[in-house]
């Protein structure tokens, strides 16, 4: 019985890369789509259960329980941590060849389910993205793909997750290319597109082909397109507030208490309090988005503005307290509220002008804030197009998405996902200098054909060695112990070599350099380059445990660098 | 800042800066008569792109020693005649006694000189030897000292050309670079026939110094 699947496995392992990635992508798309729909469904049921159980003021306690459970389960049971997880995926495809632990496939899902069902303000998308990516990564490992394919398949998992949760295959593809992989190549696109499609198919089979936010067609005029410019500025502002709010909340909790449980308790209570007074800030918040787009939302201008700030606060507190979830949904909620608020202001200032309606502005606002926080204008534009199934809003969407992303960049240099990676120095994007340098290892660059010399040799004895060697650098070693003492360079001794009478009277010890910068075998190439810059030397010795192992020269480094660049160029 | 100044700041050729400006790789502003740079912008840009700006005012090569380098060192060491001794040990022991700058380190210096002689003879031919320690000794010297000794009788040093030694140029340097500089100066002098002939008349020590200064002036 066992023979059959093993044969298939062996067959798949040795398939052509493209065929292999197509087959894997279909499987990955299905599995991570299933995870996405699964989270969506369980969240729906669990939220209803929570709302049924906690009535009146006790609803304040629900987020406390949700976040505390999240922290406890993640920390002690699964040994993971909260947050949204997208940076982990980006780090994994950037620096670890797309490797992700299997537990990442379910830990954030479970965590966000508890956090969100309890009423914590966050989004389910990021947890779905990391679990989809982890599913992809582990399936790729199972089929023993190479790293290039594993990275693409890891991205495919993320694409399928987004595609399945929003019923939006294009948004899934573009999110992965723009945010996760950062490299638009055919090799990447193939599995990503296929997984996105298969994830969407699965989602439609289970949930039906429903448009998440249906709306009536908008009549868009020139005034609306002009008004979009103002909305871009406003949404960029809200995006910056959201990004800063998240950072401040992190600092606030770190100063408040060092205990994870203390953070969860205090944060949960604050979120619960906010949610008790303003239902709109609770959970993922798609109900308010729906009513905003459909034009059913009725709140005064001041309250809407307050709601925007409170939603930001609730999200920052939820995630700062250790809850699991992302900023995708909160960005959309803040964006739709922001768009609605902008529409209210517009109609108050220009009472005579006819605008396309609050629904359009809520939609376009969503694209603006999402584009700002994620620094992903294409993703947000296509997401809104797809989830509203309407092409009519394309012009204002385009303007707001791209303008907002650019404006946010003035204040925040990196997207919310990149920020913590940049801070830790872990962000490496494809096709950059850092990417190539990170791949090179000291051992690959090592030149070991150096002739070792001893400190008591005279220059006369050194001359034949120099004649024999094709290098200009000679490591000096202690005769008995082999300990590295210094280097003699051809340049240093050149002045004496042509004075024949001096040769027998100068010994190596007298001409060797001892104030050298040494390279460790474990040094990264970035560090080695810094040492080259500092020492202004063309070659540096690699020394391990006091012994000379080889030389690293700038010329060889360039040679290897170029070869590495050649292999990374895809035709 | 001008493109020229930026090229100097980054230690790059001017043409590269011009190319970068055309390709839009480096931040710059334009005026009617060309481009100019804001130092702050360029520094930030360099930092963002992991450029390490060369430190200012830190030359890699030390200044070239001045013309009277060896002459002064000989003057500091003094020119001594009538050095007694039948072998290397006796010669060194007597010479070290006559070097006041060594102070209480006589034993250590003697040992270091003999140690160096054991590895390879410092007899560089034509009756000249240049005894010196292998490493810089902690004598607290700020400038090199080269005491010159004329031997009473020629002593076998196992020199390169097999000739017995009659003149000793002891070399004591504060660092290895100075030592090597002194060596090349000395070997330059030794290639001059005039210098050799002067050395044959130890009584006229003033002439020896003069010829060192003279020959050194021609050193390139």
- Would you please name the residue that is surrounded by the most Cβ atoms within 10 Å (Cβ to Cβ), looking only at residues in region A:538-561 that are without any contact (Cβ under 8 Å) to a residue 60 or more places away in the chain and not in a helix (DSSP H, G or I)? A:540
- Query: Do we have residue B:96 as within 24 Å of the chain's Cα centre (by Cα), closer than 26 Å to residue A:461 by Cα and either free of Cβ contacts under 8 Å to residues at least 24 places away in the same chain or not in a helix (DSSP H, G or I) (or both) here?
  - Reply: no
- Query: Which one of these is over 30 Å from the mean Cα position of the chain (by Cα), modelled with pLDDT of 85 or more and within 19 Å of residue A:370 (Cβ to Cβ): A:240, A:304, A:233, A:229?
  - Reply: A:304
- Subset of region A:256-283 that is within 19 Å of residue A:123 (Cα to Cα) and in a loop (DSSP other than H, G, I, E, B) - its residue that is farthest from the chain's Cα centre (by Cα): A:278
- Query: Applying the selection to region A:477-495, what residues are closer than 13 Å to residue A:546 by Cβ and under 49 Å from the mean Cα position of the chain (by Cα)?
  - Reply: A:477, A:482, A:483, A:484, A:485, A:486
- Tell me which residues, restricted to region B:100-140, are under 21 Å from residue A:514 (Cα atoms), away from chain A (no Cβ under 14 Å) and in contact with a helix residue (DSSP H, G or I) (Cβ under 7 Å, 6 or more places away or on another chain). B:139
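Is at least one residue of region B:175-191 part of a loop (DSSP other than H, G, I, E, B) and more than 12 Å from every other protein chain (Cβ to nearest Cβ)?
no
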- Query: How do the helices (runs of 4 or more DSSP H) wholly within region A:438-507 filter down when requiring 3 or more residues that are within 11 Å of chain B (Cβ to nearest Cβ) and surrounded by 14 or more Cβ atoms within 10 Å (Cβ to Cβ): which remain?
  - Reply: A:459-468, A:490-497
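Conditions (1) within 25 Å of residue A:284 (Cα to Cα); (2) part of a helix (DSSP H, G or I), marked per residue:
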{"residue": "A:156", "(1), (2)": "yes, yes"}
{"residue": "A:172", "(1), (2)": "yes, yes"}
{"residue": "A:190", "(1), (2)": "no, yes"}
{"residue": "A:193", "(1), (2)": "no, yes"}
{"residue": "A:199", "(1), (2)": "yes, yes"}
{"residue": "A:214", "(1), (2)": "yes, no"}
- Task: Please determine, by comparing only the residues of region A:508-526 that are in contact with a strand residue (DSSP E or B) (Cβ under 7 Å, 6 or more places away or on another chain) and either facing chain B (nearest Cβ under 9 Å) or in a strand (DSSP E or B) (or both), which one is modelled with the highest pLDDT.
- Result: A:519
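The rows are residues; the columns are (1) modelled with pLDDT of 80 or more; (2) surrounded by fewer than 14 Cβ atoms within 10 Å (Cβ to Cβ); (3) at negative phi.
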site	(1), (2), (3)
B:173	yes, no, yes
B:176	no, no, yes
B:189	yes, no, yes
B:196	no, no, yes
B:219	no, yes, yes
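Could you tell me which of the residues A:322, A:338 is crowded, with 20+ Cβ neighbours inside 10 Å and assigned to a loop (DSSP other than H, G, I, E, B)? Working first, answer last.
Numbers: A:338 fails: assigned to a loop (DSSP other than H, G, I, E, B).
That would be A:322, the only listed residue that is crowded, with 20+ Cβ neighbours inside 10 Å and assigned to a loop (DSSP other than H, G, I, E, B).
The values are calculated or read from the model by the stated rules, or taken from the named source; none is laboratory data. Since the structure is predicted, the reported quantities are computational estimates derived from the model, not experimental observations. So basically every Cβ, Gly included, is an ideal-geometry build from the backbone, and we count neighbours across all protein chains shown.
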